[in-house]
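Since the structure comes first, as structure tokens, the remarks are kept for the end.
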Amino acid sequence: MLNVSILGATGSIGQSTLRVIAQHSDKYQVFAVSAWQRMQDLVEICQKFSPKIVAIPEAKVSEFQQLLQQQQLKSPQIVIDDQGLIDIAQHSDVDIVMSAIVGAAGLLPTLAALKAAKKVLLANKEALVMSGDIMMQTAKQSGATLLPVDSEHNAIFQCLPQHYTSDLSVDKKPKQGVQQLLLTASGGPFLNHDIDTLAKVTPAQACKHPNWSMGQKISVDSATLMNKGLELIEACHLFSLDERFVQVVIHPQSIIHSMVQYVDGSTLAQMGSPDMCTPIAHALAYPERIVTDVKNLDLFEVAKLDFFAPDHDKFPALNLARQAMRQGGTAPAILNATNEIAVSEFLQGRLGFLQISQLVDKVLQQSQFTTAHDLDVILHADNQARHDAKRLASQIFA
Ligand code: NAD
Ligand code: MG
């Protein structure tokens, strides 16, 4: 029996993880979960999976306990705030950690899990974008296994030669006959919108993804293509590649989840229905395969796959991320922090859709970049960028 800790259990990835585990209760046990909002959902998780520990904010403890009492449920051990997240990530009884908190809040617990040499399933791409080399080094030093859950990176992992990531190259060039990665993107809900109409799109429209059902933040990122920008950075770190070896391809059907091209003219693709249970199950059971309730593809129904180059005028976020990766050091952390603020302002109706990328661009332009040699430098850059972004956003809004 393997003990699983789920950081962000009430989110979209958290719930899909629980769905996969529920089908394999002979192999996996939910040992600990975390949630930041939605205590009712957390109580339902407790009812169904009986975790031993829950990590929640201190401000939610009494609400959680009351809800448990109403259901006459026994309380699991409660650990609180940021330290609680770290506790359940590195707990000695835990074998597998699902890192599915959204945004920078997932960084410290994910690093703690890696330091404790856990098998870490990484959905929380922002943590890797921020800390890059530090996260990869932490995993290497402890001998932790870091497996990508993000569907594109999971697809690439599946298409790469076996053991490709067990000894990553230091020169950031592809090896073992690999030529480049093709990172696919659906293009989001505004793929076919005119650029002039984008200024007026609403959060509700931005959150309505054509193929995937996801949390709000990643949905907005998919609409601006910043998600693909973050994923570009994520791919460079996971597979130790310079950004010029990662090409972005718009593929509106989201059937091919990404590809690897080889020097002999081969292109390997991983395909499947757009359902996160597949990459979650792959990472959870790796190197084995387990059953999910995701239906296999009916290619006659799919019939047609389209591919386009991204429109950089309409979606400047992608190139902002590419530039930040090229710049290196603290630039990706600044890009990420600013984007988190911009998305949150957009969701609250205080910034227009096009202003999300504009704000990121502005903050990057006025920022000073340093090498990201330790975590404090990164956290400081993150903090400063949030501060700058809020100030600039309030000027735009006023
Ligand atoms: P979500 O918003 O649905 O869930 C986020 C989870 O994090 C919730 O459990 C929430 O309680 C918790 N959380 C939020 N703020 C927190 C904070 N400050 N401290 C601690 N916990 C906090 O998000 P999601 O769509 O499940 O995405 C989670 C992560 O996975 C993101 O990094 C996203 O980019 C990545 N991801 C998601 C998908 C998807 O299909 N949803 C696909 C690939 C990657
Ligand atoms: Mg993805």
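The values are calculated or read from the model by the stated rules, or taken from the named source; none is laboratory data. Since the structure is predicted, the reported quantities are computational estimates derived from the model, not experimental observations. Note that we place each Cβ from the backbone using ideal geometry, even for glycine, and neighbour counts take in every protein chain shown. All accessible areas refer to the heavy atoms of the entire protein, side chains included, with ligands and DNA or RNA removed. Shrake-Rupley method; radii C 1.70, N 1.55, O 1.52, S 1.80 Å.
Observations
- Helices (runs of 4 or more DSSP H) fully within the stretch 311-382 counting 2 or more residues that are free of Cβ contacts under 8 Å to residues at least 24 places away in the same chain: 353-366
- Selection status of THR184, open to solvent by 40 Å² or more (accessible area, probe 1.4 Å) and among the polar types (S, T, N, Q): no
- Residues that are outside any strand (DSSP E or B), in contact with a helix residue (DSSP H, G or I) (Cβ under 8 Å, 6 or more places away or on another chain) and among the polar types (S, T, N, Q) within the stretch 169-185 comprise just one, GLN176.
- Residue count for the stretch 135-176, restricted to those that are open to solvent by 30 Å² or more (accessible area, probe 1.4 Å) and β-branched (Val, Ile, Thr): 3
- Helices (runs of 4 or more DSSP H) contained in the stretch 102-168 and holding at least 3 residues within 16 Å of ligand 2 (Cβ to nearest atom) and touching a strand residue (DSSP E or B) at 6+ places or on another chain (Cβ under 7 Å): 151-159
- The residues of the stretch 282-291 that are away from ligand 1 (no atom under 14 Å from the Cβ) and crowded, with 19+ Cβ neighbours inside 10 Å amount to a single one, LEU284.
- Counting only helices (runs of 4 or more DSSP H) that sit completely within the stretch 186-299, those holding 3 or more residues that are within 30 Å of MET1 (Cα to Cα) and not polar (S, T, N, Q) correspond to 277-285.
- Identity of the residue in the stretch 241-253, of a type outside the set (Val, Ile, Thr) and open to solvent by 10 Å² or more (accessible area, probe 1.4 Å), that ends up farthest from ASN192 (Cα to Cα): ASP242
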